[in-house]
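A.B. asks: Just dropping this structure here.
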Amino acid sequence: MSKKARSFVLLGVCLAIVYIFFSARPLGKELHFIPAWTIDVSRPVTVPADSADLFENAIPFKLGQMLGYFTEDGTVLYSTSFDYKATVASQYYAPYSTHSELIPVFTPQGSRTAAIEKTGFPFFTDDGMYLFLPGGSSFARLSQDGAVLWTYEGCSPITAFATSPAGCAAGFADGAVISFTNDGAIDQQFSPTGSRYPVILGIALSPAGDMVACVSGQDKQRFILAKKSGTHTEIIFHEYLRHEVTRQVPVLFSKNSETVYYHEADGVGVVNTRSHKSSHIALEGKVLTMQESEENGYVFVLSRSDEDCTVSVVQPFDTHAGSFTFACGSAYMAVQNHALFVGRDSEISRIDIVVQ
């Protein structure tokens, strides 16, 4: 080999070493779904003796025509059927029909603790108990004994509703958005406009109550993020959506209020509430619910497409980290601590999320 050829070979080897050294990157960690247990919730279960302590962190469920509570380790504490509809939260549940004049309220142990002596549709969350009144344009905040604390009477049908520790927010068919404090005072009130038909299809109130996010309008539909500024509300971010939805959609603020997620026609939209950076994650089907993990900020999205349901995992800020799909008639999802709980027809499974 000539001296010139040896020089080219040596140069090539050196360049290869430099390239490998500077281009090398550690392998990214992967998300693993690890099944832990599966329980059958298709049969009624009465409360076991001396179980008061177990209910402190009990997880509520509603799956098909069954509702109840279970523990993180897979013990069904209570399970019962309901005939028509029901609302379930950590502290209370209530079955109801379309014309119930008296709605009984039960504890997780199945004991009747109160009654709602008004006709309507109850809605319980961990942030409070509410009742949507006949006519569809009014609602009431309830006390723990079922009594009415305060009532808001509107003129336009309520098309979106959400609660947070700070209060609640309602969106209306005429495009109005109103947030309320826990004592019933109107905290924010505005109308996004910008669309031919102004209906509000999804809404969320931040944990502190200072921000409202909503999916607004038909024919130039858009996502709106608004923030309270003194006695006024300022729209701090908006974007028009490429494809429109014609149904109610979930909207979710992260627990630290730094991110808001919303369902759009092609998947999930994500907006950073500080930088106003937006992103879009493609998902198929209709999003049923979105929930955030308490430990790592992962957001779990349950969606349905025909007979299949999919659970997708979104890592902060907007990384679609993984998903799995299963066939089902009815579905359920809950997140507590580091565990994911997924219901399918008559069974609920715990799936641990491990990053390795």
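The values are calculated or read from the model by the stated rules, or taken from the named source; none is laboratory data. Being a predicted model, the structure only gives us computed values, none of them experimental. Note: ideal-geometry Cβ built from the backbone for every residue, glycine included; neighbour counts use all protein chains shown. Each accessible area value is taken on the protein alone, full model and side chains, heavy atoms only, with ligands, DNA and RNA left out. Shrake-Rupley method; radii C 1.70, N 1.55, O 1.52, S 1.80 Å.
A.B. asks: Restricting to the range 13-72, name every residue that is part of a loop (DSSP other than H, G, I, E, B) and at pLDDT 80 or above.
C.D. replies: Scanning the range 13-72 gives VAL41, SER42, ARG43, PRO44, THR46, VAL47, ALA58, GLY64, GLN65, THR71, GLU72.
A.B. asks: Hey, which of the strands (runs of 3 or more DSSP E) in the range 113-166, taking only ones fully inside, have at least 2 residues that are closer than 26 Å to PRO198 by Cα and touching a Ser or Thr at 6+ places or on another chain (Cβ under 7 Å)?
C.D. replies: Output list reads 138-142, 148-153, 158-164.
A.B. asks: In the list PHE121, PHE172, PHE106, which residue meets the criterion of being at pLDDT 95 or above and open to solvent by less than 30 Å² (accessible area, probe 1.4 Å)?
C.D. replies: Within the list PHE121, PHE172, PHE106, the selection yields PHE172.
A.B. asks: Could I ask something else about it? Against the conditions (1) on the phi < 0 side of the Ramachandran plot; (2) open to solvent by 10 Å² or more (accessible area, probe 1.4 Å), where does ASP219 fall short? Just the number, please.
C.D. replies: (1)
A.B. asks: Looking at the range 47-71 only, could you name the residues that are on the phi > 0 side of the Ramachandran plot and among the hydroxyl-bearing types (Ser, Thr, Tyr)?
C.D. replies: Once the filter is applied, which keeps residues that are on the phi > 0 side of the Ramachandran plot and among the hydroxyl-bearing types (Ser, Thr, Tyr), the range 47-71 yields nothing.
A.B. asks: Which condition breaks for GLY194 when tested against (1) assigned to a strand (DSSP E or B); (2) over 22 Å from LEU302 (Cβ atoms); (3) open to solvent by 10 Å² or more (accessible area, probe 1.4 Å)?
C.D. replies: Condition (1) is where GLY194 drops out.
A.B. asks: Further question on the same structure: Give all pairs with beta carbons closer than 7 Å in which a residue from the range 67-95 that is open to solvent by less than 20 Å² (accessible area, probe 1.4 Å) meets a residue that is among the hydroxyl-bearing types (Ser, Thr, Tyr) and not in a strand (DSSP E or B); count only pairs at least 6 apart in sequence or on separate chains.
C.D. replies: Matching pairs, first to second residue: LEU77/SER51; LEU77/THR71.
A.B. asks: If you don't mind, another one. What are the residues in the range 167-191 that are assigned to a strand (DSSP E or B) and within 20 Å of LEU241 (Cα to Cα), if any?
C.D. replies: Result: GLY171, PHE172, VAL177.
Rundown of residues vs (1) within 16 Å of the chain's Cα centre (by Cα); (2) open to solvent by 40 Å² or more (accessible area, probe 1.4 Å); (3) among the small types (Gly, Ala, Ser), yes/no style:
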position: GLY269; (1), (2), (3): yes, no, yes
position: ASN272; (1), (2), (3): no, no, no
position: GLU284; (1), (2), (3): no, yes, no
position: GLU292; (1), (2), (3): yes, no, no
position: ARG304; (1), (2), (3): yes, yes, no
position: GLU307; (1), (2), (3): no, yes, no
